[in-house]
1. Scan segment 381-404 residue by residue and report those that are polar (S, T, N, Q) and either over 19 Å from C440 (Cα atoms) or open to solvent by less than 60 Å² (accessible area, probe 1.4 Å) (or both).
2. Given (1) modelled with pLDDT of 95 or more; (2) of a type outside the set (S, T, N, Q); (3) more than 24 Å from the chain's Cα centre (by Cα), where does L358 come up short, assuming only one miss?
3. Restricting to segment 241-258, give me the number of residues that are farther than 12 Å from A115 by Cβ, assigned to a loop (DSSP other than H, G, I, E, B), open to solvent by less than 50 Å² (accessible area, probe 1.4 Å) and of a type in the set (S, T, N, Q).
4. L370 fails exactly one of the following numbered conditions: (1) in contact with a helix residue (DSSP H, G or I) (Cβ under 9 Å, 6 or more places away or on another chain); (2) over 28 Å from V214 (Cβ atoms); (3) without any contact (Cβ under 8 Å) to a residue 60 or more places away in the chain. What is the number of that condition?
5. When you scan segment 65-152 for helices (runs of 4 or more DSSP H) that lie fully inside it, which ones turn up with 1 or more residues that are at negative phi, open to solvent by 30 Å² or more (accessible area, probe 1.4 Å) and in contact with a helix residue (DSSP H, G or I) (Cβ under 6 Å, 6 or more places away or on another chain)?
6. I need a count of the residues in segment 380-418 that are without any contact (Cβ under 8 Å) to a residue 12 or more places away in the chain and not in a helix (DSSP H, G or I).
7. From E252, E269, E273, which residue is among the acidic types (D, E), touching a residue at least 60 places away in the same chain (Cβ under 8 Å) and over 20 Å from A317 (Cβ atoms)?
8. Would you pick out the residues in segment 32-56 that are closer than 15 Å to G15 by Cβ, in contact with a Gly (Cβ under 7 Å, 6 or more places away or on another chain) and of a type outside the set (D, E, K, R)?
Amino acid sequence: MLEVINAPGTIGILGYGITGKAVVRFCEKRRIPYKIFDELGSQEEQFLKEEAKKYHLIVRSPSFTLSHGWTKLAMAAGCCCISELDLASCFWHGKIVAITGTNGKTTTTEFVAHALQTHGQKVVTCGNIGRPFIEIIDSDIKEHDAWAVVEVSSFQMDGGTLFSPDYVLWTNFADDHLDMHAGIGEYFNCKANLLRSARMPNGPQKHCFVGQSVHDFCENLRVADVLGKYTICSKFDLLPPESALNIGTQQENFALVQGFWTCTDFPIECLQEAALTFKIPPHRLQVVAKIKGRDMQTGKEKKVEFWNDSKATNFHALDAALASFNRAVILIAGGKSKDEPLEKFQKIVAGRIKALLLMGETGKVLCQALDAGSVKNLKMTYRFFPNDGNLEKLMADIVKYAFAIAEDGDVVLLSPGFSSLDWFKDYAERGNFFENGVLCLNLQNK
């Protein structure tokens, strides 16, 4: 493959976002001629049939899947089409741990890196976590014994051919991104490409670790070529009780890391030490504050917990968050749909929450359905909060209302179940506004 990359001629780069710009820097450092094609308008020239014939190699950004029109043109013209992960794999000489999943992949990526660092290994995190894999090729970490811990999305593995990780951790699987994939089968198969591409010198079960839901979908979807090429991980007996990972789905994520760790022959004590010192990344099911106040109905003192799970942008994450509590929950939800049926949302929350506070595009639709009485088994307090242009004040108002209707011991949970990209910049802004509202409320009640 290096011969193709270094062959005379210009390389075509599809996309000029974070990934495309990293590929450009890689080419410029090596004086490899390139041309950028970007459908978002930052580059003037579009990728046409006549253009496709000019390039021996095309490097695709994640949004340019095999079904994308430009990718099809390139392949029809005989171009060698590779992903950014493929390109980076040709130049990385250390070990690769690839981590994917519908939910939990970022936390698991950071925890694996933290555990390896605790053991004194040279580690870099990259991929879907925010830093393209190709960017670390020119970093200070070049040793053959270094580890690249790579978070991988389904889009990055669509059509990947050269990316070959030493270990694969697949946290879980649920229907998500159906607005971007042609059905759940395509979504699953893109992720399953990681299992197909993994290096397996000691047998598949020694290198690939999956959660139970992955195995279940693999059987139900009859993906025969990857069945049996993994170990199902459910034990987390090495997880210290005091660890921040000792809650809900974090325990499931730890089970995969435990499976991976035990096959590396690294000391168990290092993994446990890492579990005790690891801090869960922001906006992933974390308690923000426990606020005291007076119950408006009884006048008695009450204590209410506020939890931030703004990263829950799909129903699977929402379901997991609700399963973490055995107390009454006031749920803050709603946002931009990923084409998941709203009926499924209703089934997830039915009988599990005492109040539903709604926002976003789907929040308005759900509220209208509740007003019309068309939603069964959702007899609860509910309210939609419209966007008046000040989103920080909006979230503060939701927080105040939640606290007003809460009783002693209740949980107020921001776990939207939908994308933030209708009203908010991203899930982090949504979560930050929520936390600001909680902290202001806490100050007012002291």
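The values are calculated or read from the model by the stated rules, or taken from the named source; none is laboratory data. Worth saying up front: this structure is predicted, and the values here are computed from it rather than measured. Cβ placement follows ideal geometry from the backbone for every residue including glycine, while neighbour counts extend to all protein chains displayed. Just the protein is used for accessible areas: all its heavy atoms, side chains included, with ligands, DNA and RNA removed. Shrake-Rupley method; radii C 1.70, N 1.55, O 1.52, S 1.80 Å.
1. Within segment 381-404, T381, N387 meet the criteria.
2. (3)
3. Residues in segment 241-258 being farther than 12 Å from A115 by Cβ, assigned to a loop (DSSP other than H, G, I, E, B), open to solvent by less than 50 Å² (accessible area, probe 1.4 Å) and of a type in the set (S, T, N, Q): 0 in total.
4. (1)
5. Where helices (runs of 4 or more DSSP H) fall fully within segment 65-152 and carry at least 1 residues being at negative phi, open to solvent by 30 Å² or more (accessible area, probe 1.4 Å) and in contact with a helix residue (DSSP H, G or I) (Cβ under 6 Å, 6 or more places away or on another chain), they are 69-76, 105-118, 133-136.
6. Qualifying residue count for the region: 3.
7. The unique qualifying residue is E273.
8. I36, F37, Y55
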